Structure formats: C-alpha cells, structure tokens
Amino acid sequence: MNAQEYIKVTQEKWHKQYEAEPEFIQVLDEFLDSVAPVIEEHPEYVEKNILQILAIPERIISFRVPWTDDKGNAQVNTGYRVQFNSALGPYKGGLRFHPTVNQSILKFLGFEQIFKNSLTGQPIGGGKGGADFNPKGKSDNEIMRFCQSFMTELQKYIGPDKDVPAGDIGVGGREIGFLFGQYKKLRGFENGVLTGKPLLYGGSLARTEATGYGAVYFLNEMLQAKNDTIEGKRAIISGAGNVAIYAAEKLQELGGIAISVSDSTGYIIDETGIDVALLRDVKEVRRERLTAYAEAKSTASYFEGSVWDHEIAADLAIPAATQNEVKKTQADQLVKNGVKFISEGANMPLDAPATETLLANDVYIGPAKAANAGGVAVSALEMAQNSQRQSWTFEEVDGMLQDIMKNIFSESKEAASTYGKEDNLIAGANIAGFKKVADAMISQGLV
C-alpha cells in the first residue's frame, strides 16, 4: 500500500470507528492533513502502521467516583485517565473537572498532549484525565471529599516514573493539594507524582504563570518573525483562569494592552488594560464573576455572551478558555477587528471552519500544542527539581521556559518550511512533534 492509499484508508477507518467522538475526529483530521507529506516521505511509517497504532491509547481507565455532599447525600461521577503514548517517557497531562468531560474530549486532549510534550524536548509522553464533576458552587469540603475519592482509584495507575498528572480546567492549586494529600496517605510521600503543587512540598516557581507566559513568549516569536513587536498592540483574551491572567500580565509587561477577559457567562472590555491584580483577587481569591471586576474598575464594561462576537479594534488574540470557543462567524469578526496574530492558550480553541477562515485571511496562528506548551514544559522542570531534591529560582525557570518556547517556535517554523507548509505553524507543530514520537515508536518495536 502506498502512502496516499494508507492515508485514505486510515481516515476512513477513523471516521467509522470514532463517529460518536466528534472532538477526537476533529483533531485526528487536522493532524492527518498536516503529516501527510511526512508519511509520503517515510515508507517505514506506512509499513509499521504508525498512524493507526498512534490513534489508539495504550490504556483508558474509567472508574466510579462516589462522594458525599455537605447535606450528607450520596453523589457519584465518572473519572477517567487516558494513558495515550509513553514512547518518549512517562504519561504526562492534566486532569480536568468539568461537566462536559467525556471520553471523546479526553482522547482529543490526550492525543494533542503527545505532540505538545514532544515539542518541549522533555522526556515525557502524553496523557489526559479528569471527571464530569463541576467544582463551581461546591464547598471546599465537598471538593476535598471528591478529590479524595477520585485519587483513591487513580493512585493505582500513576507514579513519578509511570504517569504524572497535573491540573487543567477546574483543577487548580486547591484541588492538586487535596489530590496529593490522598495519594500521600495511600502510597507515601512521592512529590514527583503530581505537578502544579504548592511550593511547600515540591512545587516549582513560575509553574502557575507558565502556560500564560509561554503563550505570550510564543506570540512574541511570531511577531519577531514578521519584523514586528508586541509593543503597543491590543489583544483580545478569553478566559479568566491562570492562562488568561498570566498571558495578560506578560503581554502588558512587554508593552501590549490586554483589553478583555471572559468567563462562562460574559466578558469584560477594559481598554485601559486589564488590571491583573484586581482580576486575580476577583477570580482566584474571592472566586466571583467578572461583574465584580466591572464594579470595582470604572474603565471596565461587562457584557453577556462571547467576547469573540464583540466589535473592537485589536491586533492580537489569545483564546484561553476552552475547546472550539471560536466559530466561523466569530473568526470573521476577528478579521474585521483587525487581528493578525493568534496564540492559542486553550486546547483547540478554534473550530475547523474558524481555522480555515483565519488562514485564508493571512492570520498567523500559533497552535495550542506549540503555543500553550509552556505549562507542561515547566511541569517537566518541576519533575526534574523533585528528582534532584532541588528548587530553582523563578528567574532560572522563567529563563528555561523562554528558551523552550523559542525552540518550539523554531522547530515548528522549520518543519512547516521543509514540508511546503510555509507560515503554517499548525502543520509545522504537528510534523515536528509527530516525527519524534513516530521514530521512538519504531525503535521500540510493536508494543
């Protein structure tokens, strides 16, 4: 079978096999389109059936998570861990607690994580996990009981040299602390088993900031490649979690203006620039809606709906909320707004028609597996510090993060150019990440 036949057969098989998993099919299609030229150049990938093997996780664990609410009522959720690929190292990827969590979403996230982790240059494989549990509106004690129940089962399958989870949507420092405490009770103190921990027991300086900072460092490389700078540029940012907060902070440190943030009900427009200290107080300390930000700052206006529907002049965009948050009509609006550069802070925040629209209008897109790899990169640095029983300074970690993001950009840009995808960083990141994983899989045999 030649490469073109293999690609066609593979895609047909995927669409039939995963027709009930739309997010997973979406990411597979995008990936396959990117790596087709590589498959044609490497007949060994066809011979070893790398694509079809790669699309099936090494292991999927699904389990019941019973817990008790504050009224004494028995509740139950479903927990998951998708251990996707360990060719380059132990499984590494976050845990997401959100009502939308299902196997399709976790497989799409885990598949992306394989290549994201590959691009960092760190020795880590790809995985993802979580539960259809919603921490919003829950008390600290309810969240603690849920996390303890979740970890009671998960701990059977993870370890510092096997699978190292971290946080994601709905899983921040509070949840990581509860998860780590239960793991410690059951298995003993192994601080390398989770990343994103508090500094008191093995966390890394700059880890909280890493994904947001990294997305801006990557954006800066994109602008420099076009002989431009962040200085004076206006950026639309979605989300109001760690990624959005610290992307806004770093963007403004480099002379840009973050004019928006958003949450699940609405968004803020603040043309004087987002007040990061106030935003942290509202979202991280008080855990309130963005209306509280607007009430506290006279230059801010609150709107219901999606920030991507807002008509406002901007140069840059950092979608940092969730998958498929930007649709085609919203991509049209971004083009009208004047946006020319996008750094994806969330995983797959642009749906396929939106991506096509933006590329057709010469918008330079930094794909998630490259642009938001800063978080997992510093997680790997946290693992290294845990192994060495050391703690590096903020400046040391931040410097390593900047170097990693520069290298990811260079590798992605070079791969895109080599395979005739000039200026398409989506294709370049897929190719650069895929080749490392595919070669490692071949060298390890049919396992």
*Furthest towards positive pole of dipole, Phe97, Gly159, Ala74, structure part segment 59-184, Cβ charges*: Gly159
*Can you count the Lys pairs in segment 302-447 with C-alpha separation below 23 Å, eight or more apart or on different chains?*
24
_With a cap of 16 neighbouring Cβ atoms within 10 Å, and only residues DSSP puts in a loop, list the trypsin sites (Lys or Arg not before Pro) found in segment 345-447._
Arg389
*asked:* So if I place +1 on the C-beta of Lys and Arg and -1 on the C-beta of Asp and Glu, and nothing else carries charge, what would the dipole magnitude of segment 384-447 be about its Cα centre? I want it in debye, nearest 20.
replied: 260
*With a probe of 1.4 Å, find how much accessible area segment 280-415 has per residue, and write the answer as a whole number in Å².*
42
*asked:* Relative contact order for segment 239-296: what percent, with Cα pairs under 8 Å and sequence separation of 6 or more?
replied: 29
*Have a look at Met151, Met405, Met222 and tell me which one the Gaussian network model of the chain (Cα, springs below 10 Å) gives the largest fluctuation.*
Met151
*Could you size up the charge dipole of segment 58-201 around its Cα centre, putting +1 on the beta carbon of Lys and Arg and -1 on that of Asp and Glu, and report it in debye to the nearest 20?*
100
*asked:* Ignoring everything except DSSP H segments at least 4 long, calculate the 222 nm mean residue ellipticity for the chain; use -39,500 (n - 2.57) per segment, divide by total residues, nearest 500.
replied: -15500 deg cm²/dmol
_Carbon and sulfur %, accessible surface of the chain computed with the full protein complex present, 1.4 Å_ = 48
*When Lys and Arg each count +1 and Asp and Glu each count -1, what net charge do the other residues less than 12 Å away from Arg287, Cβ to Cβ, add up to?*
+2
*Return the single residue from Gly202, Gly93, Gly366 with maximal mean-square fluctuation; model: Gaussian network over the chain, springs between Cα atoms under 10 Å.*
Gly202
*Antiparallel as a % of all DSSP beta bridges within the chain, to the nearest 5?*
55
_Length-normalised contact order of the chain in % [C-alpha pairs under 8 Å, at least 6 apart]_ = 15
*asked:* At a 10 angstrom cut-off on C-beta neighbours, averaged per residue, how do the peptides 227-237, 136-146 rank from highest to lowest?
replied: 227-237, 136-146
*Hey, in the GNM for the chain with a 10 angstrom Cα cutoff, which one of Ala294, Ala20, Ala368 fluctuates hardest?*
Ala20
*Residue by residue through segment 126-131, which ³J(HN,Hα) values in whole Hz follow from phi under the Karplus form 6.51 cos²θ - 1.76 cosθ + 1.60 (θ = phi - 60°), with glycine and proline marked x?*
x, x, 7, x, x, 7
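The values are calculated or read from the model by the stated rules, or taken from the named source; none is laboratory data. The structure displayed is predicted, hence computed values, not measured ones. All Cβ positions, even for glycine, are placed from backbone atoms using ideal geometry, and neighbour counts span all protein chains on display. Remember, those area values only see protein heavy atoms, side chains included, never the ligands or the DNA or RNA. Shrake-Rupley method; radii C 1.70, N 1.55, O 1.52, S 1.80 Å.
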